[in-house]
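The values are calculated or read from the model by the stated rules, or taken from the named source; none is laboratory data. Just so you know, these numbers come straight off a predicted model, no measurement behind them. A quick note on method: Cβ atoms are made from the backbone with ideal geometry, for glycine too, and the neighbour counts reach across all protein chains shown. Ligands, DNA and RNA are excluded from the accessible area calculation, which covers all protein heavy atoms including side chains. Shrake-Rupley method; radii C 1.70, N 1.55, O 1.52, S 1.80 Å.
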Amino acid sequence: MRIVTLEEHYTVPRIVAGISSDVIARRGFPTDPNFVWAQTTKRNELADLGEARIADMDASGISVQVLSVAGPGADLVPGQPGIELARAYNDALAEACTSHPARYRGFAHLPMLAPEAAADELERTVKQLGFAGALMNGATDGRFMDEPAFEPILARAEALDVPIYLHPGIPTQEVRKAYYDNLPGNFSFTLALSAWGWHYDTAIHVLRLALSGALDRHPGLKIIVGHMGEALPFMLDRIDETTTAGAKAQLRRSVRQTILDQVWITTSGFFTMVPFVAALMSFGVDRIMFSVDYPFASNARARAFLDALPVSPADRAKIAHGNADRLLRLAG
């Protein structure tokens, strides 16, 4: 069975080395070399775009990875340096895709602090490099994509008919201080990110796009979120009930319908049945795409989960590759 995964990460150490430690620290990435976290413990896997990564894919029967930058990246760097950084990342990924055309595809990395240039870079990567869309890591300098400054990116993605993958990022310093600080050990950092915070940050990102009218303004825009929908499947009906009156007055559709019309979800990093069943019941099988979150999650564990899904063979094929092939226009 063909298997496509969409939230699979890479980095280029020589490019990361060009980002100042002050910029990285301000965004919340730990700079203490004694602090153990995923970006350091997985740096070898992230940097490998050759034999070791492909061997791990082969061991679990994964046909294609759609690759994206793991932060820190160009979204932290203003001006021309950020634009050049994004271009360097994208060119490095394009080289890997050219070397392994049957195994890798790419999501563009964008200089989000320069939205017009980001829109142009998205177009370059799609038209010249064959990328399948863009992935962005959380809010940009504390601002979500519903802000008017980011309209060029939304409009260009819609015009190009490619999706934007809203991946989690580290919550702002103010949010971390108010909600997550002062816990023992590494718990503050973990709770702010993978245990809780960044999932809800991403759900808020999607909800702001819907409630602000941004998705109404761009009805052809396609959004992807990972981690089994970032809690949206569980909360969707409650959100819809509590926003009904406002949606009738200010939006073209209910919030629930807006999200179901324009959002797809992936299984990345979630390999248990309860969240899957909630996602299946809320979004339907045509909106769910298999993903791993490599190298932060295991290809083998994810494949075992895919094989165990309580769905028909036809629906398993949709989740494994069919929905992604159609949305991203991947070659079969």
Check your understanding: If you plug each phi of the stretch 10-18 into the Karplus form 6.51 cos²θ - 1.76 cosθ + 1.60 with θ = phi - 60°, what whole-Hz ³J(HN,Hα) values come out, in order, with x for Gly and Pro?
Key -> 8, 8, 10, x, 5, 7, 4, 4, x
Review point. By per-residue mean of other Cβ atoms within 10 Å, what is the highest-first order of 17-25, 74-82?
Key: 74-82, 17-25
Check your understanding: Tell me, how many Å apart are the Cα centres for the stretch 47-93 and for the stretch 110-178?
Key -> 16 Å
Check your understanding: Could you sort 208, 105 by accessible area so the largest value comes first, with the probe set to 1.4 Å?
Key -> 208, 105
Review point. If you build a Gaussian network model of the chain, linking Cα atoms that sit under 10 Å apart, which residue out of 55, 320, 279 swings the most?
Key: 55
Check your understanding: When the Debye formula is applied to the Cα atoms of the stretch 203-274, each taken as the same point scatterer, what base-10 log of I(q)/I(0) results at q = 0.14, 0.20, 0.21, 0.28 Å⁻¹?
Key -> -0.42, -0.80, -0.87, -1.36
Practice item. Take the Cα atoms of the stretch 1-143, build their convex hull, and give its volume per residue in Å³. Key: 111 Å³
Review point. Considering the stretch 143-199, what Rg and Dmax in Å follow from its alpha-carbon atoms?
Key: 15.4, 48
Point to revise | Spin-label model distance (nm) - residue 242 vs residue 311, 7 Å beyond Cα toward Cβ | key: 2.9 nm
Review point. Magnitude of the Cβ-charge dipole of the stretch 214-332, K/R +1 and D/E -1, about the Cα centre, nearest 20 debye?
Key: 260 debye
Review point. Under the Kirkwood approximation for Rh and a Cα-based Rg, what ratio Rg/Rh is obtained for the stretch 75-132?
Key: 1.00
Practice item. Please name whichever of 100, 115, 82 sits farthest to the positive end of the charge dipole of the chain, dipole taken about the Cα centre and charges placed at Cβ: Lys and Arg +1, Asp and Glu -1. Key: 100
Review point. Of 42/318; 127/177; 42/177; 42/222, which pairs sit farther than 32 Å apart, going by alpha carbon to alpha carbon?
Key: 127/177
Practice item. May I ask for the percentage of alpha-carbon pairs in the chain that lie more than 29 Å from each other? Key: 34 percent
Review point. How would 267, 98 line up by accessible area, probe 1.4 Å, largest first?
Key: 98, 267
Exercise for review: Heads up, I need the accessible area for residue 109: 1.4 angstrom probe, whole protein in place, Å², nearest 10.
Suggested key: 10 Å²
Practice item. Round to the nearest 10 and report in Å² the accessible area of residue 48, as given by a 1.4 Å probe over the protein chains' heavy atoms. Key: 40 Å²
Check your understanding: Protein chains only, probe 1.4 Å: how do 252, 238, 287 rank by accessible area, largest first?
Key -> 252, 238, 287
Exercise for review: Give, rounded to the nearest 20 debye, the magnitude of the charge dipole that the chain has about its Cα centre when Lys and Arg contribute +1 at Cβ and Asp and Glu contribute -1 at Cβ.
Suggested key: 460 debye
